[in-house]
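Only one structure is covered here, and it is reproduced in the block below.
The values are calculated or read from the model by the stated rules, or taken from the named source; none is laboratory data. Here the structure is a predicted model, which means the values were calculated and not measured. Ideal geometry is used to build each Cβ from the backbone, glycine not excepted, and the neighbour counts take in all protein chains shown. All accessible areas refer to the heavy atoms of the entire protein, side chains included, with ligands and DNA or RNA removed. Shrake-Rupley method; radii C 1.70, N 1.55, O 1.52, S 1.80 Å.
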Amino acid sequence: MSNYIERPRYTCALGGAIATVEALPRAIPILHAPPGCASNTAWTQAGGCGLQVGGYCGGLSMPGSNVQEREVVFGGTERLEEQVKNSLDVMDGDLYFILTSCVTEVIGDDIGAVVNQFRADGVEIIAAETGGFKGNSYLGYDLVLQSLWKNFIQVANKPVKGKVNLWGVPPYYDVFWRGNLAGLRELLISLGLEVNTFFTVDDSLDSIKQAGQAELNIVVSNVYGVDTAQLAQEKHGIPFIKLPLPIGPSASSEFIRTVGSALKLESVLVDSVIYNANQRYYRLLDPITDCFNDLDLQRYAVIVGDANYTEAINRFLIEDLGWLPQVAVITDSLYQEQLEELGRKIKPLPSGLQPKVIFSTDTNDIRNQVKEYWNTHQSGYGKYLNPLSPSFVIGSALDRELAKDIGAAHLSVSFPVANRAVIECGYTGFSGGLRLIEDLISTIIIGR
């Protein structure tokens, strides 16, 4: 082996697909895979998703064909048919979703024939080819969404005014997915829109099936789910826009304004929503500002995260909180054009200084690059000393050692998050910005 990734921040495509199906309301994943796939992804989720794993038919209770040497030699479709029948007998769901693995794709089992057999009997069942070798967990998320648009969502005769779909937040691999989707839903509802976000407790399979009625698809990512949006445009004729994950008042105001423009909403309504949300945000923030200034809670920052979080948090720290990001690390494995696009979107400080942008998936490499930057930018002497201190690392649980190296406080936000329990906390929208300020400052003063 000439190269390897040391402690990556994602799993294989199958892992992402499992997490995505688990998050769909009333959906049952059925793995066509060896026995180790489910357990490996389940324990990775448990260790990296803020303790979120399991649930009904998730985690280690997930049905699977458990293929062995016999199926590898003679084919595994009979074993899969048997497993689907057993799952229908004991698993109470409204959509059964077959996911394939590396092994079953290599041996070439005809999954489509199995699906068609059960669909002919009236079973609501679809499949996605999610062999782990295809890519990482974010690709698995995209493949499940594409299968929904190909095989489950109905083509509408005409769009329904004011109805939109939103995605781009991968369940579990964005550890704060529930809260983030709820925050985005809240922003869109404030514009009077009917919103389908696929994965929240307020969504249903019926609403997902009618997603083809939307007049606009909104992707809150420059990477995740973009291929699905293009597919939905080709197959269902629904246009889409892609926006960065909005955290805090600046990005959220832009999010609302861009959606309003795409849907040709009245500017009076859009301006009113933005004005009222900002008024509420700053009224809530006001009581803490004296302590923020008097206790000197401004920080130099290192941001380490996926393609969504790094750009979003960098903007929030600069435009809304007044912190000073010095290094921004994006940890996804991306194509060259995606790297260039994301690099352009990392905003410079108001002073004109540009955070150093690093693209790396390797935890040790990230640690070394940031330490090198920190050690070579301790400029000045005597009263002009500028030691890049105090500092703060906003990253994942893998970045605690980096924070110790440079003497910084640390908060885990991006996957994996092993040191926090997460249920519905989220950072999107105006309220999410306030939540992030609470978490950052609480981390600084926790020892008082």
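Among 236, 32, what's the order by accessible area (1.4 angstrom probe), most exposed first? Before the final figure, lay out the partial values.
Details: 236 25, 32 0 Å².
Most to least solvent-accessible, the answer reads 236, 32.
Please list 264, 347 in order of solvent-accessible area, largest first, computed with a 1.4 Å probe with all protein chains present. Walk me through the numbers on the way to the answer.
Values: 264 170, 347 75 Å².
Highest to lowest solvent-accessible surface, that is 264, 347.
Using Cα springs under 10 Å in a Gaussian network model of the chain, which residue among 212, 54, 112 shows the largest mean-square fluctuation?
The residue that fluctuates most here is 112.
What are the ³J(HN,Hα) couplings of the range 276-282, residue after residue, when phi is run through the Karplus curve with 6.51, -1.76, 1.60 and θ = phi - 60°? Round to Hz, x for glycine and proline.
Once rounded to whole Hz, the list reads 5, 5, 5, 4, 5, 4, 6.
Farthest toward the dipole's positive end in the range 95-251, which of 139, 207, 112, given Cβ charges of +1 (Lys, Arg) and -1 (Asp, Glu) about the Cα centre?
207
Measuring from the lowest to the highest alpha carbon on each principal axis, how far does the range 264-370 reach, largest first, in angstroms?
Result, largest extent first: 45, 45, 24 Å.
(i) 77, 57, 40; (ii) 80, 65, 43; (iii) 67, 49, 42: which one is Cα extents along the principal axes in Å as calculated from this entry?
(i)
I want to check the label-to-label distance for residue 339 and residue 419. Put each point 7 Å from Cα in the C-beta direction and report it in nm to one decimal.
If labels sit at residue 339 and residue 419, their model points lie 3.0 nm apart.
Add -39500 (n - 2.57) for each DSSP H run of 4 or more in the chain, then divide by its residues: what number comes out at 222 nm, to the nearest 500 deg cm²/dmol? Don't skip to the end; give the middle numbers.
Numbers: 18 runs with 200 residues, N = 448.
That calculation yields -13500 deg cm²/dmol at 222 nm.
Using alpha-carbon pairs under 8 Å, 6+ residues apart, how would you state the relative contact order of the range 217-340 in percent?
Values: 128 pairs, mean separation 30.6, N = 124.
Here the relative contact order equals 25 percent.
If you roll a 1.4 Å probe over the heavy atoms of the protein chains, what accessible area per residue do you get for the chain, in Å²? Intermediate values should be presented prior to the final figure.
Numbers: 19480 Å² over 448 residues.
Averaged over the residues of the chain, the accessible area is 43 Å².
Using the Karplus equation 6.51 cos²θ - 1.76 cosθ + 1.60 (θ = phi - 60°), what ³J(HN,Hα) coupling, rounded to whole Hz, does each residue of the range 92-100 give in order, writing x for Gly and Pro?
8, x, 10, 9, 9, 10, 7, 10, 9
On a straight-distance basis, which aspartates and glutamates could pair with residue 242 in a cross-link, Cα separation under 13 angstrom, same-chain partners fewer than 8 positions away excluded?
In chain and number order, the partners are 227, 254, 341.
Based on the alpha-carbon gyration tensor of the range 177-223 and its eigenvalue square roots a ≥ b ≥ c, which shape applies: rounded if a/c is under 1.5, prolate if not and a/b is larger than b/c, or oblate?
Values: a/c = 1.24, a/b = 1.18, b/c = 1.06.
It is rounded, given that a/c, with a ≥ b ≥ c, falls under 1.5.
Residue 356's amide H: which non-local residues (gap 5+, or another chain) put their own amide H closer than 5 Å, with H modeled 1.01 Å from N in plane and none for Pro or chain starts?
327, 328
Among the aspartates and glutamates, which have Cα under 13 Å from the Cα of residue 161 when same-chain residues fewer than 8 positions away are ignored?
194, 215
Ignoring ligands, DNA and RNA, please state the percent of accessible area on the range 8-164 from carbon and sulfur, probe 1.4 Å. Provide the component values of the computation, followed by the final result.
Numbers: 3400 of 6500 Å².
That fraction is 52 percent.
Skipping prolines and chain starts, which residues have an amide H placed within reach, meaning under 5 Å, of the one on residue 216, given they are 5 or more residues away or on another chain?
Residues meeting the amide H criterion: 165.
Could you pull out the chymotrypsin sites (Phe, Trp or Tyr not before Pro) across the range 288-366 that fall in loop regions by DSSP (anything but H, G, I, E, B) with no more than 10 other Cβ atoms inside 10 Å?
On the way: sites: 292, 300, 309, 316, 323, 335, 359; in loops: 323, 335.
Of the chymotrypsin sites (Phe, Trp or Tyr not before Pro), the ones in loops of the range 288-366 whose Cβ has at most 10 other Cβ atoms within 10 Å are 335.
What percent does the relative contact order of the chain come to when contacts are Cα pairs within less than 8 Å and at least six residues apart? Write down the numbers at each step before the final one.
Working: 850 pairs, mean separation 82.0, N = 448.
After rounding, I find 18 percent.
Please identify, among 53, 268, 106, the residue showing maximal mean-square fluctuation in a Gaussian network model of the chain using a 10 angstrom Cα cutoff.
Among 53, 268, 106, the largest mean-square fluctuation in the Gaussian network model of the chain belongs to 268.
So how do 365, 109 rank on accessible area, 1.4 Å probe, biggest first, that is with the largest at the start?
Numbers: 365 60, 109 25 Å².
Accessible-area ranking of 365, 109, largest first: 365, 109.
How high is the relative contact order of the range 125-186? Use alpha-carbon pairs under 8 Å, at least six apart in sequence, and give a whole percent.
On the way: 21 pairs, mean separation 18.3, N = 62.
This gives 29 percent for the range 125-186.
List the residues of the range 42-71 whose backbone N lies under 17 Å from a point placed 7 Å from the Cα of residue 85 along the Cα-to-Cβ direction.
The answer is 64-66, whose backbone nitrogens lie closer than 17 Å to the label point.
Taking the Cα centre as origin and putting +1 on Lys and Arg beta-carbons and -1 on Asp and Glu beta-carbons, what dipole magnitude results for the range 13-170, to the nearest 20 debye? Walk me through the numbers before you get to the answer.
Numbers: 10 positive and 16 negative charges, 152 e Å.
So the dipole magnitude of the range 13-170 works out to roughly 720 debye.
Suppose we take every Cα in the range 239-303 and form the convex hull; what volume per residue is that in Å³? Walk me through the intermediate numbers first.
Numbers: hull volume 5.7 nm³, N = 65.
Output value, Cα hull per residue: 88 Å³.
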